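Visitor: What follows is a structure written as structure tokens; I'll ask about it next.
The values are calculated or read from the model by the stated rules, or taken from the named source; none is laboratory data. Here the structure is a predicted model, which is why all the values come from computation and not from measurement. Every residue, glycine as well, gets a Cβ built from its backbone with ideal geometry; the counts of neighbours run over all protein chains shown. The accessibility values were calculated without ligands, DNA or RNA, using every heavy atom of the protein model including side chains. Shrake-Rupley method; radii C 1.70, N 1.55, O 1.52, S 1.80 Å.
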Amino acid sequence: MTGVVIFFFVAAALFVALGLADQRKLYWKLSSWRYRNPEANEPSDTAYTIGRVVVFAAAGIMLFQGCSAMSFADETSWSKSEFKEAVQSAAVSLGEDSHVDSSAGGYASLIESKVGDAGEGKGPSYAVEAKAVGESDDYEITARGEDFVFCMHVSQSEEGGFAVPGADGSSTVVPEYELTATVDEGFC
């Protein structure tokens, strides 16, 4: 993506240089050789002015495209500091609400969601991956395509919960937990 951005800015600079150059000299150096009588085929001053405006417009378009490509590149990737901030915010946010036990897959999808929410506008939430490490409550959090990793240790409180009444008059207790999380840089 960096190459595309550089191409647009270099093209914009070349168009600006071409627009600043003396148009009459450019005609005599680059185009006059095509005619038997170059003086009779030389463009008018209006044509030179229109050509200069077109070249500056092309420079503006290249500059706009370069800025758009930079913005797109920024939106589709994480910087290390942005990702670290999002992971730390996600760790804090895990402790703000109680959670239903997710024993089937641990808390990986919850962590991915929290990191994506915390980093909204800073990087792509679809690129966040949290993987449980072994049998522990440790999760390695990465951003697809990036080379940095963070380790989140999740602790679960003693079982709490709430009762859900059944149709037959009995009730079922749904386990609910308070979570606390700590974050370290690097692998778990």
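Visitor: In the stretch 1-34, what residues are open to solvent by less than 90 Å² (accessible area, probe 1.4 Å) and outside any helix (DSSP H, G or I)?
Guide: Those that are open to solvent by less than 90 Å² (accessible area, probe 1.4 Å) and outside any helix (DSSP H, G or I): Ala21, Asp22.
Visitor: If you don't mind, another one. Residue under question is Ala90, and the condition is that it be touching a Gly at 6+ places or on another chain (Cβ under 9 Å) and not charged (D, E, K, R); does it hold?
Guide: On the way: touching a Gly at 6+ places or on another chain (Cβ under 9 Å): yes; not charged (D, E, K, R): yes.
For Ala90, the condition - touching a Gly at 6+ places or on another chain (Cβ under 9 Å) and not charged (D, E, K, R) - is met.
Visitor: Could you check the stretch 135-184 and list, in sequence order, the residues that are open to solvent by 80 Å² or more (accessible area, probe 1.4 Å), among the aliphatic types (A, V, I, L, M) and either modelled with pLDDT of 75 or more or closer than 18 Å to Ser109 by Cβ (or both)?
Guide: Of everything in the stretch 135-184, just one residue is open to solvent by 80 Å² or more (accessible area, probe 1.4 Å), among the aliphatic types (A, V, I, L, M) and either modelled with pLDDT of 75 or more or closer than 18 Å to Ser109 by Cβ (or both), namely Ala167.
Visitor: So, in the stretch 68-81, exactly how many residues are surrounded by 14 or more Cβ atoms within 10 Å (Cβ to Cβ) and either at pLDDT 85 or above or closer than 23 Å to Val10 by Cα (or both)? So that I can check it myself, show each step before the final result.
Guide: As a first pass, look at the stretch 68-81 and keep what is surrounded by 14 or more Cβ atoms within 10 Å (Cβ to Cβ): 69-70, 74, 77-79.
Now restrict to residues that are either at pLDDT 85 or above or closer than 23 Å to Val10 by Cα (or both): 69-70, 74.
Total meeting the criteria: 3.
Visitor: Please return the ranges of strands (runs of 3 or more DSSP E) entirely within the stretch 114-188 where 1 or more residues are of a type in the set (Asp, Glu). Explain how you work it out, then say what you get.
Guide: Numbers: elements: 128-133, 138-143, 149-156, 160-165, 171-185.
Result: 128-133, 138-143, 171-185.
Visitor: Here is a further query. Among the residues that make up the stretch 114-131, is at least one of them more than 32 Å from the chain's Cα centre (by Cα), open to solvent by less than 70 Å² (accessible area, probe 1.4 Å), of a type in the set (Gly, Ala, Ser) and at pLDDT 75 or above? Write out each step before concluding.
Guide: Quick first cut of the stretch 114-131, residues more than 32 Å from the chain's Cα centre (by Cα) only: none.
No, the stretch 114-131 contains no residue that is more than 32 Å from the chain's Cα centre (by Cα), open to solvent by less than 70 Å² (accessible area, probe 1.4 Å), of a type in the set (Gly, Ala, Ser) and at pLDDT 75 or above.
Visitor: Right, here's the next one. For a quick check of your reading of the model, give me the residue pairs whose first member lies in the stretch 64-78 and is touching a residue at least 24 places away in the same chain (Cβ under 8 Å) and outside any helix (DSSP H, G or I), whose second is of a type in the set (Gly, Ala, Ser) and open to solvent by 60 Å² or more (accessible area, probe 1.4 Å), with beta-carbon atoms closer than 7 Å and at least 6 apart or on different chains.
Guide: That search, which allows pairs on different chains as well, returns Ser77/Gly145.
Visitor: Pick from the stretch 85-110 the residues that are over 17 Å from Lys131 (Cα atoms) and hydroxyl-bearing (Ser, Thr, Tyr): which of them is modelled with the highest pLDDT?
Guide: Residue satisfying both the conditions and the ranking: Ser89.
Visitor: Please indicate, with yes or no, whether at least one residue in the stretch 40-54 is part of a helix (DSSP H, G or I), open to solvent by less than 70 Å² (accessible area, probe 1.4 Å), within 12 Å of Gly19 (Cβ to Cβ) and free of Cβ contacts under 8 Å to residues at least 60 places away in the same chain.
Guide: Yes: one or more hits.
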